[in-house]
Amino acid sequence: MTDKYVVGLDFGTLSARAVIVRVRDGAEMGTAVHEYSHGVMDRVLSAADGRKLPPDFALQDPSDYIEALTAIVPGAVADSGVNANDIIGIGVDFTSATVVAAKSDGTPLCQVPGFANNPHAWVKLWKHHGAQDQAERIVKLAQVRREPWLARYGGVLSPEMLLPKVLETFEQAPEVYRATEVFCDAVDWITWQLTGVLTFAQGDSGYKRTYQDGKYPSQEFLANLNPGFADVFETRMNAPILPLGARVGGLTLKCAEQLGLPAGIAVASGNIDAHATAAAVQAVDNGQMTAIMGTSACYIVSDSQCREVPGVFGIVNGGMIEGSWTYEAGQTAFGDIFAWFVENCVPASYGEQAQRRGITVHELLSEKCAGQKVGEHGLIALDWHNGNRSVLADPRLSGMILGQTLTTTPEDQYRALLEAAVFGARTIIESFRSAGIEISEMVVAGGLTKNHFLMQLMCDICRVPLSVGTAGQPGSRGSAIFGAVAAGAYPDVRAASQAMGGKLTGVYQVDTRRADQYDLLYAEYARLHDYFGRGENQVMHRLKKIRSQAHVRPEELSEVMNDDIPAHQ
C-alpha cells in the first residue's frame with residue numbers, strides 16, 4: 001500500500017516553515033523555511049514612509065505570509081522526494097492573536113488603495129501592545145458587570161487579544177474600522193486563503209477572540225465600551241466556528257497550482273502554534289504540560305474540569321482535545337532576553353573566546369554559568385523585558401537585575417536572567433497548582449531544549465520531571481497531525497498524536513538539593529514580582545510613560561510623573 005503524507009505549516013513571528021510528514025508514523029520527510037521579507041514593523045511602517053510608529057506597535061505585512069507559503073510548500077515537497085499526489089491534507093498553525101483587517105473577499109485592508117499609510121490597516125502582530133488602554137477598560141467594565149467570561153482569562157485581558165486590538169482600531173482609526181468587513185486572526189485568514197472558505201477555529205476563538213460557551217460578549221456589554229461598537233461580532237466576525245481537526249474545505253484550484261499539490265485535499269481548521277506543538281510531543285492528556293520555549297514561552301495543560309486560575313491567558317473547552325478543558329499561559333519574552341543580553345551587554349573578548357573555540361557566546365556563557373553554585377552570583381532578576389503575559393498581563397512592566405557590584409561578571413548576569421525566566425515559568429505553574437490542576441509531567445519543545453543547563457534549571461526550579469519532544473519541527477509536525485485528522489486518516493487527535501508524535505520521557509529529573517536552594521531564590525523573586533507587578537511600586541509604569549512623552553516640555557514632566565496610574569489587579 002502506498003504511503004500517504006500531509007503538509008504541516010507553521011507561521012512564526014519572523015518566518016514560516018513547512019514539513020512533509022508521513023501519516024503512518026509521523027516521520028518528517030522534508031522541510032523548507034522562508035523568512036518574511038518585512039519581518040516585524042515596530043519602528044517605522046516602511047523605509048519609504050519613514051514616520052515612526054508608537055513605541056508599543058508591532059505590525060506585519062500579510063503579503064509576507066503568501067510569499068512564504070508559495071516558497072515553503074514546493075520547497076518541502078522537493079526536499080522530501082515524495083509524490084505530491086500522495087499528499088492528502090494540510091494542517092496550519094500561526095502565532096496567536098495576530099489580527100488581520102480585511103475586505104469580504106479576504107483582501108487585507110493595507111492592500112486597499114488609500115490605506116497603505118495607516119498603521120491600523122496592517123496586521124497587528126501578537127506582540128502589538130498598542131491596545132493596553134482598551135484592554136484595561138474591557139476588564140474594568142467586565143468586573144463591574146460581573147461578566148462570567150472574564151474568569152476564563154484569569155480575571156485579566158491582554159492587549160494582545162483580538163477584542164482590544166479591534167476596539168483600538170475603532171477608536172484610533174475609525175476610517176479603517178468602517179472599511180473593514182472582516183476582522184480575523186491570521187490563522188483563520190490563511191485557511192481562508194487556502195480554501196476560499198472563512199471559518200474560525202474553536203481553539204483560537206476561545207483563547208484569543210473571547211468566544212466562550214458558544215457566544216461572544218454581548219451587544220449590551222460592547223455598547224457600554226463604545227456605543228458604535230456593539231455589533232462588531234455580528235457584522236465583522238460572522239463565520240462558523242470549527243473544532244480542532246475539522247475540515248475547513250478543500251484546497252482551491254488556484255492554490256493547488258501555486259503550491260504544486262492536488263486540488264481539493266483537506267485543509268484543517270487552524271491552530272495556535274504552541275497548541276499544535278502539544279500534539280507533536282504526545283502531551284495532549286490531562287496533567288501533561290507542554291512548554292514551548294523559544295523567543296517567548298507558552299505553557300499548555302489540560303484538565304477534566306473548568307477551574308478559575310488567576311492570570312491564566314485562556315481556558316477553552318476542547319482547546320486541545322474534545323472532553324478536556326485546556327489552559328494556556330505564557331511569557332512574552334524568554335529566549336529574546338538571552339539574545340538581547342548577548343547582543344548588547346557582553347564584552348567583545350567573550351565573542352573572541354567563543355569564536356576561537358568554535359562555539360556560540362550563549363554556549364560559552366552557559367558553560368561558565370554551570371560551574372557556579374546556586375546563588376553564588378548574588379543576583380536576582382525580573383524577566384519582564386517585553387512586559388508580562390502571565391500571571392499579571394501587564395505589558396508596561398520591564399526587566400531588571402538586582403544585586404550587581406563591581407565584581408559582577410557577564411556570566412553572573414546571564415545566569416540570573418536564565419533563572420529569572422524559569423522563575424517566571426514557576427510562577428505560572430504555581431498558579432495552576434494552587435487552582436487544583438495537576439502537573440505530572442512537563443514536555444519541553446523549541447530551540448532552547450538544546451541548552452541542557454537551562455533544561456535542568458527548569459526541572460529543579462519548577463520541581464517537575466522534564467520529557468523532551470523529538471519532533472525536529474514540532475509546530476509544523478503538530479499541524480500535520482491535525483491535517484491528518486481532517487483528512488480522515490485518524491479518528492481523533494489523541495490517536496493521531498500517539499502515532500505521529502514523539503518524545504523522550506523523563507530525560508531530566510529533579511535534584512532535590514538544588515531545588516531546595518532555588519526555593520530561597522524563588523522566594524526573593526516572588527517578593528520583587530509582587531512589589532513591582534501588583535501595584536506597590538509602579539515605577540516601571542511611570543518610566544514607560546516618561547519614555548512615551550519624551551518630548552514633553554520640562555515644566556510638564558512633573559505632571560507626567562504624578563499621573564494617577566491605577567494599581568494592577
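The values are calculated or read from the model by the stated rules, or taken from the named source; none is laboratory data. Since the model is a prediction, treat every value here as computed from it, not as a measurement. Note: ideal-geometry Cβ built from the backbone for every residue, glycine included; neighbour counts use all protein chains shown. The area values use the complete protein model at the heavy-atom level, side chains included, leaving out ligands, DNA and RNA. Shrake-Rupley method; radii C 1.70, N 1.55, O 1.52, S 1.80 Å.
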* Leading residue by the ranking (least open to solvent (accessible area, probe 1.4 Å)) among those in segment 193-213 that are without any contact (Cβ under 8 Å) to a residue 60 or more places away in the chain and closer than 26 Å to THR70 by Cα -> PHE200
* Structure fact -> Here the residues within segment 474-504 that are in contact with a Ser or Thr (Cβ under 7 Å, 6 or more places away or on another chain), in contact (Cβ under 8 Å) with a residue 40 or more places away in the chain and open to solvent by 40 Å² or more (accessible area, probe 1.4 Å) are LYS503
* Checking PHE233 against (1) over 22 Å from the mean Cα position of the chain (by Cα); (2) over 17 Å from ALA186 (Cα atoms), which test does it fail? -> (2)
* To do: Please give the number of the condition ARG137 fails out of (1) open to solvent by 10 Å² or more (accessible area, probe 1.4 Å); (2) within 30 Å of GLY245 (Cα to Cα); (3) of a type in the set (Lys, Arg); (4) at pLDDT 95 or above.
  => (2)
* Structure fact -> Counted residues in segment 285-299 being open to solvent by less than 40 Å² (accessible area, probe 1.4 Å), under 24 Å from ASP25 (Cα atoms) and modelled with pLDDT of 95 or more come to 4
* Filter segment 13-50 down to the residues that are closer than 18 Å to TRP126 by Cβ and of a type in the set (Asp, Glu), then identify the one that is surrounded by the most Cβ atoms within 10 Å (Cβ to Cβ). => ASP42
* With a cut-off of at least 1 residues that are touching a helix residue (DSSP H, G or I) at 6+ places or on another chain (Cβ under 9 Å) and over 25 Å from PRO159 (Cα atoms), name the helices (runs of 4 or more DSSP H) lying wholly within segment 170-284. => 186-195, 253-259, 273-280
* Can you find a residue in segment 374-381 that is open to solvent by 40 Å² or more (accessible area, probe 1.4 Å) and modelled with pLDDT under 95? -> no
* What number of residues within segment 385-401 are in contact with a helix residue (DSSP H, G or I) (Cβ under 6 Å, 6 or more places away or on another chain) and either modelled with pLDDT of 95 or more or assigned to a strand (DSSP E or B) (or both)? -> 4
* **Residues of segment 508-533 classified as open to solvent by 70 Å² or more (accessible area, probe 1.4 Å) and either closer than 19 Å to HIS129 by Cβ or touching a strand residue (DSSP E or B) at 6+ places or on another chain (Cβ under 7 Å) (or both), total** => 1
* Asked: When ASN386 is evaluated against the numbered criteria (1) open to solvent by less than 30 Å² (accessible area, probe 1.4 Å); (2) polar (S, T, N, Q); (3) closer than 30 Å to GLY130 by Cβ, which criterion, by number, is the only one it fails?
  -> (1)
* Structure fact -> Checking ASP93, ASP61, ASP79, ASP10 in turn, the sole residue that is of a type outside the set (Val, Ile, Thr), surrounded by fewer than 19 Cβ atoms within 10 Å (Cβ to Cβ) and on the phi < 0 side of the Ramachandran plot turns out to be ASP79
